[in-house]
Every structure is written in C-alpha cells, then in structure tokens.
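Visitor: I have a structure I would like to understand better, so I am pasting it below and will then ask my questions one at a time.
The values are calculated or read from the model by the stated rules, or taken from the named source; none is laboratory data. These numbers were taken from a predicted model, which means no experiment stands behind them. Glycine also receives a Cβ, built like all others from the backbone with ideal geometry; neighbour counts cover every protein chain displayed. Keep in mind that these areas ignore ligands, DNA and RNA; they rest on the heavy atoms of the full protein, side chains included. Shrake-Rupley method; radii C 1.70, N 1.55, O 1.52, S 1.80 Å.
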Amino acid sequence: MMKIDDVLSLIRPNIQSLTPYSSARSEFTQQGEFIFLDANENAFGAPVNAIPQLHRYPSTLHLDVKQVISQLKKVPIEQIFLGNGSDESIDILIRMFCKPAVDEIIILPPTYGMYEVMAQIHEVNVVSVPLNDEFQPQVDSILDCATENTRMIFICSPNNPTGNLIDKTAILHLLKNFHGIVVVDEAYIDYAQTMSFSELVVEYPNLVVLQTFSKAWGMAGLRTGLTFAHPEIIQIMNKVKMPYNVSTPSIELLKKGLCNMEKFRRSIEITLSERKKLVERLSKLSIVEHIYPSHANFILVKVIDADRIYQHLIEHGIVVRNRSKLEKLTNCLRITVGTPDENERLTLALKAFNKSSKA
Ligand SMILES: *Cc1c(COP(=O)(O)O)cnc(C)c1O
C-alpha cells in the first residue's frame, strides 16, 4: 500500500519544483464591481453574442461547475480536476509522472489507443501485458513486468473496445501491490450498473480515476472530462495544465447540460434497451460468430470476414470501427449503439450481406 508521500515522490522533480504560470484571473480573485484592465482583453466585446463574457478569459479552476459536479458525483471539489476532455488528463498524468526516455507505463491491450500514443509523444516507453482470453488483467504478469521505472498502469473499465468490466479484485490487487499510479479509465461507467472507483481515491492515493462528459452525457463536442484523485495530485495537475484549459462556452454549456438529468437518464435507458435488441438480432445472423457481453454503448462483434463486412457497411452508408488488426480481435468490429432507426438500418445491411454470403 502506498502513502501519499510515496506517490508524491514519484512526480518528476522538475514538476515538483515548478512555479506555475500565474494568470491575471488567478492572481486577482476578489468578487465585486471592478474595472478589469489586468489581462489585455478587448473591453469592447466579442463579435458574437451567443455566450456572455466571451471577451473575458475563463476561470482557471472552474469552481462553479465543479460545485455541480461534486454534488452529482458525490466527490469533494478538492478531488476533482476538470480538463479539456479526459484525453487532456492522460497527457498531464504522463507528463507529471514519467521522465522521457527513462520511465515507462504498462498498458493492457486490446484497449483504448490514447495511452500508448500519449506515451510515445512524450518518449515514454510502453510495456504491453495483454488481457487474458476473458479480457481480464493478468495481475501476476503485470507485477512481474513492472520495473523500478514503471510509473503507471492504465486500466480501462468498461474496456474499450471489448466492452467488459474489469474485475474489481484485480484492480484492488494492483492498487495494493504496484508501486506506482493505477489509472482507472471509466469513460463508459454510466452505462454499467456498478460502483465507480472514484470513492476510493483517498484510501488509495496511487489511484487516479478518469471519467468524461463525452459518452453517456452526450457532450463530446464540448471536450470536457474529469479526473478524480487525492487532493495533492489534483493540485499538481492544476499546476501543470494550461491556465485556461476549458473554454467559456464549454463551461456554460456543461452547466446547462448537467441540469438535464432527465435526458441523460433516458438516453442511457434507450441505449441499453437498443443494445439488447441489437445483440438479439445480430446473433441470429450466420456471419456473426460471437458478440461479446457489453457494459458500454457499443458491442464488439466477431464476424466471418471483418474487412469485407466493414466495406459492405460503408457502401450502405454505415461506418463502424474495424478493430480486427488488434491483438486478440481478429475479425472483430466495434459497433456503437445508435438510434432505433440507425440500428434498424445496420441490421438490414448486415442481413443483406448474410444472405449474399449464403447464396
Ligand atoms: C471516449 C473515451 C474517452 C473520452 O475521451 P474525451 O477526451 O473525454 O472525449 C476516454 N477513454 C476512453 C477509453 C474512451 O473510449
């Protein structure tokens, strides 16, 4: 078990000693009627009126929307980082903990591609320990592969592109026995009726949890994502981030969106019932060999010839994700659950291929 001081000692020395950029907005925080001549903004206003105060720089810590998020997620504000998508958090975390050309991360493929790409951008070595045939972590191999330079393990649950939840006991075992950061990416957690790891971030200071407003919340265009971690980690993330990382329109629209719980809940409900229907329909087709159980808003489908079916669907105006080149995913397509009408059209197009392949 790591203590917070052990975790902080893993942060790169240049980050530990960093004096962050001090912006006009963070230096002067008094409320009241002031004339703001401190940030070289254009006092005559923006050329569009859609969003108030667009001519001003946004807040740096977004405390008003974090207040709403804190209540919604039942996590204290000090344990929340709001970023430009959760992709920003992946970037910041790798920069905080990994020395280029020295440190490494462990990923568990097949999984989300950004962990590896971000690591490569920062010249951080990537060690792959594939998931087993049930798409669960091989905990002992992971711990065996970890060296004194292994700083982070990225775990995605529910996993993209396989759709399954990762065993809680496996994650807890890694949290207790790995000397480094365990990132649990919960981008699809709202579709899975299960607990979030966010409630454990104080108990396990080496735990970092990622969530996003891009999936079940339906706001991918805003680019807003969440990190839950020990307050001391959150503080350093805030030091490393760009001062104005989330734009005023994103903050304003996020606040509005978060008030519409009804829409959020209904879209999850429909997605889950449409996913069930889709699985029932597709499993009847002989071109479909297997549909993996999903806790997310997509299904992973093993077919007889992924490349040809992918092309066939394109010809029918339908784009899915061909994942068949990934390890353990030969002939697998990842299909996002769409509207009832979209799912109907997908089913018809696959039926047509099924028929022609039999003829
Ligand atoms: C979609 C997705 C994200 C979301 O990234 P954002 O930058 O927040 O849009 C993160 N992780 C996984 C595994 C995803 O599939």
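Visitor: Of everything in the range 345-357, what is out of contact with any helix residue (DSSP H, G or I) (no Cβ under 9 Å at 6 or more places or on another chain) and modelled with pLDDT of 95 or more? Give them in sequence order.
Guide: The answer is Arg345, Leu348.
Visitor: Restricting attention to the range 135-165, and to residues there that are of a type in the set (Ser, Thr, Tyr) and closer than 28 Å to His290 by Cα, which single residue is nearest to the ligand (Cβ to nearest atom)?
Guide: Ranking the candidates gives Ser157 first.
Visitor: Something else now. Return only the number of the condition from (1) within 15 Å of the ligand (Cβ to nearest atom); (2) open to solvent by 30 Å² or more (accessible area, probe 1.4 Å); (3) not basic (Lys, Arg) that Asn238 does not satisfy.
Guide: Of the numbered conditions (1) within 15 Å of the ligand (Cβ to nearest atom); (2) open to solvent by 30 Å² or more (accessible area, probe 1.4 Å); (3) not basic (Lys, Arg), the odd one out for Asn238 is (1).
Visitor: Here is a further query. Considering the range 172-199 alone, what residues qualify as being in contact (Cβ under 8 Å) with a residue 12 or more places away in the chain and in a helix (DSSP H, G or I)?
Guide: Within the range 172-199, His173, Leu174, Leu175, Lys176, Asn177, Ile189, Asp190, Tyr191, Phe197, Ser198, Glu199 qualify.
Visitor: In the set Pro340, Pro293, Pro249, which member is at pLDDT 95 or above and within 30 Å of Pro130 (Cβ to Cβ)? Give the derivation first.
Guide: Values: Pro340 fails: within 30 Å of Pro130 (Cβ to Cβ); Pro249 fails: within 30 Å of Pro130 (Cβ to Cβ).
Matching residue, one of Pro340, Pro293, Pro249: Pro293.
Visitor: Being open to solvent by 10 Å² or more (accessible area, probe 1.4 Å), within 12 Å of the ligand (Cβ to nearest atom) and in a loop (DSSP other than H, G, I, E, B) is the filter here, so list the residues in the range 88-112 that pass it.
Guide: Matches in the range 88-112: Thr111, Tyr112.
Visitor: With the requirement that a residue be touching a His at 6+ places or on another chain (Cβ under 7 Å), over 16 Å from Cys156 (Cα atoms) and not β-branched (Val, Ile, Thr), what does the range 188-217 give you?
Guide: Pro205, the sole residue that qualifies.
Visitor: Still on this structure, please answer the following. Condition first: open to solvent by 20 Å² or more (accessible area, probe 1.4 Å), touching a Lys or Arg at 6+ places or on another chain (Cβ under 9 Å) and among the polar types (S, T, N, Q). Can you find one or more residues in the range 172-191 that meet it?
Guide: no
Visitor: Still on this structure, please answer the following. Among the residues of the range 329-359, what is the count of those that are outside any helix (DSSP H, G or I) and either of a type in the set (Val, Ile, Thr) or open to solvent by less than 80 Å² (accessible area, probe 1.4 Å) (or both)?
Guide: 11
Visitor: Sticking with this structure for a sec: In the range 200-222, what residues are within 18 Å of Asn160 (Cβ to Cβ) and either in a helix (DSSP H, G or I) or among the basic types (Lys, Arg) (or both)?
Guide: Scanning the range 200-222 gives Lys215, Ala220.
Visitor: Mind listing just one residue for me: the one in the range 117-134 that is crowded, with 17+ Cβ neighbours inside 10 Å and under 24 Å from Val246 (Cα atoms) and, of those, nearest to the ligand (Cβ to nearest atom)?
Guide: Met118
Visitor: Consider Ala46 against the criteria (1) over 28 Å from the mean Cα position of the chain (by Cα); (2) open to solvent by 50 Å² or more (accessible area, probe 1.4 Å): it satisfies all of them except one. Which criterion is unmet?
Guide: (2)
Yes/no per residue for (1) open to solvent by 10 Å² or more (accessible area, probe 1.4 Å); (2) among the aromatic types (Phe, Trp, Tyr); (3) touching a strand residue (DSSP E or B) at 6+ places or on another chain (Cβ under 7 Å):
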position: Met195; (1), (2), (3): yes, no, no
position: Val208; (1), (2), (3): no, no, yes
position: Met219; (1), (2), (3): yes, no, no
position: Arg223; (1), (2), (3): yes, no, no
position: Leu226; (1), (2), (3): no, no, yes
position: Ile233; (1), (2), (3): no, no, yes
position: Tyr244; (1), (2), (3): yes, yes, no
position: Thr248; (1), (2), (3): yes, no, no
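Visitor: If you go through the range 57-87 one residue at a time, how many are within 14 Å of the ligand (Cβ to nearest atom), in a loop (DSSP other than H, G, I, E, B) and at negative phi?
Guide: Looking only at that region, the number is 1.
One line per residue, one yes/no per condition, for (1) hydrophobic (A, V, I, L, M, F, W, C); (2) away from the ligand (no atom under 15 Å from the Cβ); (3) in contact with a helix residue (DSSP H, G or I) (Cβ under 8 Å, 6 or more places away or on another chain):
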position	(1), (2), (3)
Leu207	yes, yes, yes
Leu210	yes, no, yes
Phe213	yes, no, yes
Gly221	no, no, no
Gly225	no, no, yes
Ser247	no, no, no
Arg265	no, yes, no
Arg281	no, yes, yes
Ile287	yes, yes, yes
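Visitor: A follow-up question, please. Going through the range 3-21 one residue at a time, which ones are at pLDDT 95 or above, farther than 18 Å from Glu104 by Cβ and among the aliphatic types (A, V, I, L, M)?
Guide: Ile4, Leu8
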